[in-house]
Structures are given as C-alpha cells and as structure tokens.
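**Student:** Pasting in a structure now, in structure tokens, and then I'll have a few things to ask.
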Amino acid sequence: MHHTLTSLFAVMMTITAPVTQVGDIAICAVSEQVSGDQFMFTGHCPRFSGIGDAKAQKSLNAQMHEIVQGALFRTKAAAAVLPTDDRSEQQKAEGVFGYEVKRNGGGVVSLLFTDTLYAGRADTKQAKTGLSFYTGNGEVFDLIGLFMNSEEGMEQINKEVSRQLTERGLVTALQKQNPKIEAEQQFYLTNTDLVLIIPETTWFRREMGTVEFIIPFAKMNRCLKNQFAQ
C-alpha cells in the first residue's frame with residue numbers, strides 16, 4: 001500500500017459529491033480542502049437535516065465536524081515528523097476523509113467512514129468506522145442495540161463469523177488467537193445486512209487491510225429487534 005493518494009482523492013470526491021442523499025432524512029456533504037508546506041487534506045463531512053429531535057441533530061452534526069477535524073489533525077501530525085532534508089523536500093502527508101451512506105430508511109441511518117493517510121515513505125494507513133442512529137430521535141446505537149437479547153445476538157454473530165473464517169480460508173491469516181466480536185465492534189448496516197468491520201492489523205496482518213464480514217439480517221431474525229428483522 002506504498003503509493004500516492006491521487007486516485008483515492010478522485011474516488012472520494014465521486015463517492016461523497018456535495019449533493020443531498022434523501023431517505024428518511026436528508027444528508028448532504030460539507031467538503032473542505034486544507035494544505036500546508038508538507039501536507040494536503042481533503043475532508044467530506046455529512047450534515048443531517050430532518051432528524052425528529054432538533055437538539056440531537058445539532059449534536060450529531062457537531063460530532064461529524066469534530067471527526068473530520070480529528071482526521072485533519074492526524075494529517076498535520078504526520079507531516080510534522082516527515083524528514084526535512086533536501087532529498088526529502090518533496091514528501092508530503094496526504095489525508096482523505098470521506099463517508100458513504102449505507103442505509104437511510106426504515107427509521108435508521110447508517111454510515112461508513114473512511115480515513116486514509118499517506119505519509120512519505122511509510123505504509124498507507126486506512127481506518128474504517130461506522131455510525132448508526134435512529135432518525136426519529138437521533139439516538140446512536142452500538143452492536144448490541146440491534147438485539148432483543150444481546151447475549152443471544154452476540155453468540156449468533158460469533159458463530160457466523162467463525163463459519164465465514166473457515167469458509168473464506170481466513171483462519172491461516174489470523175494473527176490473533178480465537179478472536180471474538182465484542183459489543184464495541186465497528187459495524188454498519190444496509191437495508192438487508194449487518195456488516196462487521198475488522199480494522200487492519202487487529203485480527204489479520206497489515207497486507208490484509210480492513211476485513212468485513214457480511215451477515216444477513218435473515219440469519220438473525222430470532223433475536224433481532226423488530227425494525228431490523230427481515
């Protein structure tokens with residue numbers, strides 16, 4: 001993953017073009033580009049309108065701004081430690097932060113954030129995180145919030161992940177023994193699936209990057225809350 005982010009910039013700009021995505025609520029992109037002597041940053045921040053609770057909407061929009069500013073800070077921090085000798089003067093830290101709307105319906109919004117950082121000769125780092133909330137009141141929920149019975153739900157998830165590890169031939173790529181999905185695991189939702197996000201270098205070697213496990217809601221109907229059951 002040792003390469004420039006020229007193509008990634010183009011992809012992010014396409015995915016998060018500043019148009020409104022309309023479903024249960026409206027989501028538009030607020031974009032910013034910041035550059036300095038040794039860094040360049042492009043960020044796309046979602047802005048929500050139409051959430052049932054105006055106070056919660058204001059809080060969520062503030063959180064989104066803070067997340068993007070955090071990505072900008074990391075880009076500047078990476079630039080600050082780059083070599084500054086004559087042979088290294090062309091090196092720059094380049095950061096891109098973007099999002100994808102994965103679900104905006106059925107009373108739920110779910111987003112996938114991608115934070116990519118290239119810093120000189122270091123390996124490109126990419127972090128993916130998710131955010132899901134109810135459109136009626138703006139309440140953010142975690143993984144166990146999907147289930148009527150959290151213990152049963154987590155048991156089903158881990159059984160399915162274990163099955164997929166074997167089926168996809170990923171067991172030999174594990175660098176962590178007997179990994180388990182925990183309540184704080186990153187995830188996002190589509191209209192039909194739960195997608196678990198395994199960050200790079202946590203379960204697998206760096207070259208595997210971020211790994212996702214897709215679990216259809218239909219496989220978990222017995223313990224899902226009604227708004228997620230298929």
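Every read-out reported here was derived from the displayed coordinates using simple, explicitly stated rules and does not represent laboratory data. Everything numeric here is computed off the predicted structure, so don't read it as measured data. We place every Cβ from the backbone using ideal geometry, glycine too, and count neighbours over all the protein chains shown.
**Student:** How high is the FRET efficiency from Thr124 to Ala183, r the C-beta distance, R0 30 Å, rounded to 0.05?
**Tutor:** The formula returns an efficiency of 0.50 here.
**Student:** Starting from the coordinates of the alpha-carbon atoms of segment 27-78, obtain the Kirkwood hydrodynamic radius over all distinct pairs and give the value in Å to one decimal.
**Tutor:** The answer is 12.0 Å.
**Student:** Using the Cα centre of segment 145-220 as origin and beta-carbon charges of +1 (Lys, Arg) and -1 (Asp, Glu), tell me which of Met208, Met154, Ile198 is placed farthest towards the positive end of the dipole.
**Tutor:** Met208
**Student:** From the square roots a ≥ b ≥ c of the eigenvalues of the alpha-carbon gyration tensor of the chain, which class results: rounded (a/c under 1.5), prolate (a/b over b/c), or oblate?
**Tutor:** Since a/c reaches 1.5 but b/c is at least a/b, the shape of the chain is classed as oblate.
**Student:** Which whole-number percent of Cα pairs in segment 86-141 have a distance greater than 15 Å?
**Tutor:** 60
**Student:** A further question follows. Calculate the spin-label point distance for Val81 paired with Ile144, positioning each point 7 Å from the Cα along the beta-carbon direction, and give it in nanometres.
**Tutor:** 3.5
**Student:** Cα-Cα over 20 Å: which of Lys76/Lys176; Lys180/Lys219; Lys176/Lys219; Lys102/Lys128?
**Tutor:** Check vs 20 Å cut-off fails for Lys76/Lys176; Lys176/Lys219.
**Student:** Between Gln175 and Ala54, what FRET efficiency follows from the Cβ-Cβ distance if R0 is 41 Å, with the result rounded to 0.05?
**Tutor:** The calculated FRET efficiency here is 0.35.
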